[in-house]
1. Looking at region 203-248, which of its residues are under 22 Å from Lys129 (Cβ atoms), open to solvent by less than 40 Å² (accessible area, probe 1.4 Å) and not small (Gly, Ala, Ser)?
2. For region 33-69, which positions are surrounded by 15 or more Cβ atoms within 10 Å (Cβ to Cβ), charged (D, E, K, R) and not in a helix (DSSP H, G or I)?
3. Hey, among the residues in region 157-202 that are at pLDDT 95 or above and charged (D, E, K, R), which one's farthest from Pro213 (Cα to Cα)?
4. Using the structure shown, decide if Ile238 is without any contact (Cβ under 8 Å) to a residue 60 or more places away in the chain, at negative phi and in contact with a Leu (Cβ under 7 Å, 6 or more places away or on another chain).
5. So for region 163-170 (the condition being without any contact (Cβ under 8 Å) to a residue 40 or more places away in the chain, open to solvent by 10 Å² or more (accessible area, probe 1.4 Å) and farther than 21 Å from Asp227 by Cβ), does at least one residue qualify?
6. Looking at Val98, Val145, can you tell me which residue is touching a strand residue (DSSP E or B) at 6+ places or on another chain (Cβ under 9 Å), of a type outside the set (Ser, Thr, Tyr) and farther than 23 Å from Leu54 by Cβ?
Amino acid sequence: MTKQISSALNPFIKQLVQLKYKSRARKTSGLFLIEGEREISLAIKGGYKIETILYYLDLFSEEQLTKLLNFSTHKPKIVSVSKEVYQKLAYRETTEGVIAIAKAKDLSIHTIQLKTSKPLILVAEAPEKPGNIGALLRTADAAKVDAVIIANPKTDMYNPNIIRSSVGCIFTNPIAVGTTSEIISFLKEKNITIYCASLQASAEYQTQDFTQPTAIVVGTEATGLSDEWLQNASQNIIIPMQGEIDSLNVSVSAGILIFEAKRQRNFL
């Protein structure tokens, strides 16, 4: 039987509001919210356990709900909510009427399982904005890289802004987080060549061989990569600039470098 909740003051709804806004609440509970039919479908496809689905019937029909449930082998609890409750939980202004409560995965570096002997990995150090992380994940999904690793993240990966800006690609990519030291150790243990995007002592990116086991490492537009990365790079690489500025948005830079690697690999 479908449970119904009409009051935004309901204790359960208050807990969900904390998951929406508070990183600490997500970490403590091990739960997070996913908004949108496509995003929930991708989470299920990515092996995430959906514990509860909340839907607002005026925006999300029971037929749509049934279709969504068919994706999942695990049957979550179903809660019908009022407009007031839904608006309290929804993150988007234009929304679809469905929100899921999902169980977080362990994203520590040792969980990454590389399925090829010549992986292509995207590493981003300390991206400041959730929107940039989302854009990086979309790029990684488009190129079907073997893993995305975030060094020294400024927020937890289940921040609603990351899920929204990645349009669910957070669930389609093998992802890990860790310190710069942990990630460098991991890459060296796997004999993966480290290419750091940097202005210092750099070769033009298109002159390098990305067909070998490769990690492309990008930093922030403002400060670039830390010295620890630059000291451990196999080679620093640069995207030649022809205008007045000397840097690009991190997701744009990552896209150029990743797709050059894919171009090279497509000729193998």
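The values are calculated or read from the model by the stated rules, or taken from the named source; none is laboratory data. Since the structure is predicted, the reported quantities are computational estimates derived from the model, not experimental observations. Reconstructed Cβ throughout: ideal geometry from the backbone, glycine too, with neighbour counts over all protein chains shown. Surface accessibility is based on the protein's heavy atoms, side chains included, excluding ligands, DNA and RNA. Shrake-Rupley method; radii C 1.70, N 1.55, O 1.52, S 1.80 Å.
1. Those that are under 22 Å from Lys129 (Cβ atoms), open to solvent by less than 40 Å² (accessible area, probe 1.4 Å) and not small (Gly, Ala, Ser): Ile216, Val217, Val218, Thr220, Leu225, Trp229, Ile239.
2. Scanning region 33-69 gives Glu35, Lys49.
3. Restricting to residues being at pLDDT 95 or above and charged (D, E, K, R), the top hit is Glu182.
4. So Ile238 passes the test.
5. The answer is yes, given that some residue of region 163-170 is without any contact (Cβ under 8 Å) to a residue 40 or more places away in the chain, open to solvent by 10 Å² or more (accessible area, probe 1.4 Å) and farther than 21 Å from Asp227 by Cβ.
6. Val145
Rundown of residues vs (1) free of Cβ contacts under 8 Å to residues at least 40 places away in the same chain; (2) open to solvent by less than 60 Å² (accessible area, probe 1.4 Å); (3) closer than 20 Å to Ile216 by Cα, yes/no style:
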site: Ile99; (1), (2), (3): no, yes, no
site: Gln113; (1), (2), (3): no, no, yes
site: Glu128; (1), (2), (3): no, no, yes
site: Val145; (1), (2), (3): no, yes, yes
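Residue by residue, here is whether (1) among the small types (Gly, Ala, Ser); (2) open to solvent by 30 Å² or more (accessible area, probe 1.4 Å); (3) over 30 Å from Gln18 (Cα atoms) holds:
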| residue | (1), (2), (3) |
| --- | --- |
| Asn159 | no, no, no |
| Val177 | no, yes, no |
| Ser181 | yes, yes, yes |
| Phe186 | no, no, yes |
| Tyr195 | no, no, yes |
| Ser198 | yes, no, yes |
